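The values are calculated or read from the model by the stated rules, or taken from the named source; none is laboratory data. These numbers come from a predicted model, not from an experiment. Here the Cβ is made from the backbone with ideal geometry for all residues, glycine too, and neighbour counts use every protein chain on show.
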Amino acid sequence: MEEFNTTVRISGFALSSLMFHHLNSDADVEGLILGESVGEENCRITDSQIDHIQFEHTINIQKHIPCHKLHSFYSNVGDVSEEKIRPILSDYQEENVIGWYRQRRNTRQQMTFMEQVVHQNMRKILSNRELVFMLLTPSQATASGSTHRLEFSAFIWHSSQYINIPIFVSNLGNLEQQDYWRVSGTCPSLGQSEAVKQHRTQFFCSGDELKEVRNISSMNDDLLGEMQKVCKEVEKSERAVEKLQEDLKELKEAIKEHSEKNETQKHASPDEPKENVLLCSALRTLFPDAPSLQTQTLTVQGLPVLELCCNTDHNVDIPTKLPLILENQHTRKKDTAPRLRKKCLVAGYSQRLKRKRKTNDTSESASDSGSDTEIEMNGQNRSISPTF
Amino acid sequence: GSAVHAVHLESDAFLVCMNHALSTEKEEVMGLCIGEVDTNRIVHIHSVIILRRSDKRKDRVEISPEQLSAASTEAEISFELADMTGRPMRVVGWYHSHPHITVWPSHVDVRTQAMYQMMDQGFVGLIFSCFIEDKNTKTGRVLYTCFQSVQAQKGSEYERIEIPIHVVPHEAIGKVCLESAVELPRILCQEEQDTYRRIHSLTHLDPITKIHNGSVFTKNLCSQMSAISGPLLQWLEDRLELNKHSIIKLQKEKERLTQELASL
């Protein structure tokens, strides 16, 4: 008969690192957990009929690999494929995968259906039998936001169900710290014995220093030196990552600006009125002394704004672009031009003229007097209808 | 009202605090918060400094305002507290841990905080509660809170007031934070060496006692290496690995975008 007693261990640094991953994200995060599984037979009680064996199984979480986005190693229905896990693992071995984790805010310490499905599929794919699912659920503890809580636990599949396993955070405090002896025993004979005097040099260096103390101190110093070196490399790499992220941001912005610029060049803005260059040239050619015909701008009352006359020479080649005008000019120059010129000098004439032109699509009829001008206009229209 | 509107704790500073708080369940640990206060009375904490405790009491942790002031000055001088923007940083608060006990500050904590506030109105206190487990659900728990102290009336007891705290994302770990993180094993080693030297200098100890104490020193240092230095080194190497992969990915992306920009 076997009893399974499983504990999960994680160092404080690995746990903080997991929290760090989630704190830098607005959404849920997930990833793979690497480590090793150590089984130990703890107790064996044998009686005549049954062997009672107690197995102590320790799962050591050593590190985690954060996924950059959700659903990176499983599909929308929870199917896990090895091809998807491989790139996440990169250089790490698949045997070292001992589980996976998920962090979600303001939720319960309970596996969701999807998580259960993914976990079962993970168990099928990965060699490790006792795969662990680690769930971290941070939440706010007070309304003011002054206090926050993080809950965490591990789940494994055992005996056809998910059982909750506590996570033990290994730390300095759970290792027995021995106390120094401040006083010696009361017998001077011990210190002055021949045996002690003879073997003394095996323990003490010249002077009073203990060899053991010197050895462990230098090993520890070297370890701290090694840590310092790695720390410097990490610092360099952090700055390199930061710089690249900045560069990417700048590049994305530049690309966005460029594509926006191209877009605006392609589609002309509809509210910007474009000048009908042909019409302007035609009017200038036909009515060179009627400046009111050169403006596209009207006041609110519908009167042409002479100050905004078009003064640019559009260099339109009249004979090729507007041949019909020349024909018209030719005929008109004989009879209508002088009278029109005279009419132009009358104040208000131009206004009525413009209004007539502009309101040709409305039902509004010109209610003003000056019928002779209207006749003139109609006369013109009857003879020629230039097309542009 | 309080002099502080809210606290913004950068996530890499949080990481160092959490590392420190989780380093031992046997005693409370403490440190200083480094940062600046803006015009909206928001305290920005950019990094932390682990403090050595000369008087190690298992149940209490606090240092007198004079000691705090001295530690702050020393910190501001000896550490490069100016952040990447070149703005000078200063000590803006303190943090300590509550292993196995509630996150709320004790009466002593509240009084200590009040004393610190006499030197600096905007001084804030953080507490990290760890090694708590719900026996029924087998769920582990970590809590953190931010507070200041206030006196209802002159002469009455000090009470805590809640200060909202937000952990602000900071994906890349800052230089000062990294340096603070690796200070922990060095501080522990120094503490142990100081304790050992004081004992070893006692003249009345016989050789057997000295040998015993030497092995105690060895044992304690091994515990530190096993529980602190080892996992910390592990984390550093893993972080380096992670960054190397990120750099490769980001480099590829940068090349792709550079080409895309050139083609436009």
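Counting just the residues of the stretch A:12-43 that are of a type outside the set (A, V, I, L, M, F, W, C) and in a helix (DSSP H, G or I), which one comes out surrounded by the fewest Cβ atoms within 10 Å (Cβ to Cβ)?
Going through the qualifying residues, I end up with A:21.
Could you figure out which of (1) surrounded by fewer than 18 Cβ atoms within 10 Å (Cβ to Cβ); (2) in contact (Cβ under 8 Å) with a residue 24 or more places away in the chain; (3) in contact with a His (Cβ under 9 Å, 6 or more places away or on another chain) isn't true of residue A:158?
Looking at each condition in turn, residue A:158 falls short on (3).
Sort through B:223, B:246 and tell me the only one that's within 28 Å of residue A:176 (Cβ to Cβ), touching a helix residue (DSSP H, G or I) at 6+ places or on another chain (Cβ under 7 Å) and facing chain A (nearest Cβ under 7 Å).
After ruling out the rest, the residue left standing is B:223.
Identify the single condition in (1) hydrophobic (A, V, I, L, M, F, W, C); (2) under 27 Å from residue B:226 (Cα atoms); (3) more than 7 Å from chain B (Cβ to nearest Cβ) that residue A:143 does not satisfy, given that it satisfies every other one.
Failing condition for residue A:143: (2).
Can you tell me which residues in the stretch B:42-53 are at pLDDT 95 or above and surrounded by fewer than 23 Cβ atoms within 10 Å (Cβ to Cβ)?
Once the filter is applied, which keeps residues that are at pLDDT 95 or above and surrounded by fewer than 23 Cβ atoms within 10 Å (Cβ to Cβ), the stretch B:42-53 yields B:42, B:44.
Counting just the residues of the stretch B:1-41 that are within 13 Å of chain A (Cβ to nearest Cβ) and part of a strand (DSSP E or B), which one comes out surrounded by the fewest Cβ atoms within 10 Å (Cβ to Cβ)?
So the residue we want is B:8.
Residues that are among the basic types (Lys, Arg), within 15 Å of the chain's Cα centre (by Cα) and at pLDDT 75 or above: does the stretch B:17-36 have at least one?
No: the stretch B:17-36 contains no residue that is among the basic types (Lys, Arg), within 15 Å of the chain's Cα centre (by Cα) and at pLDDT 75 or above.
Taking only the stretch B:167-194 into account, find how many residues are surrounded by fewer than 16 Cβ atoms within 10 Å (Cβ to Cβ), at the interface with chain A (Cβ under 7 Å from one of its Cβ atoms) and at pLDDT below 95.
Of the residues in the stretch B:167-194, 0 are surrounded by fewer than 16 Cβ atoms within 10 Å (Cβ to Cβ), at the interface with chain A (Cβ under 7 Å from one of its Cβ atoms) and at pLDDT below 95.
Please count how many residues of the stretch A:162-184 are more than 21 Å from residue B:224 (Cα to Cα), at pLDDT below 90 and more than 7 Å from chain B (Cβ to nearest Cβ).
Final tally of qualifying residues: 1.
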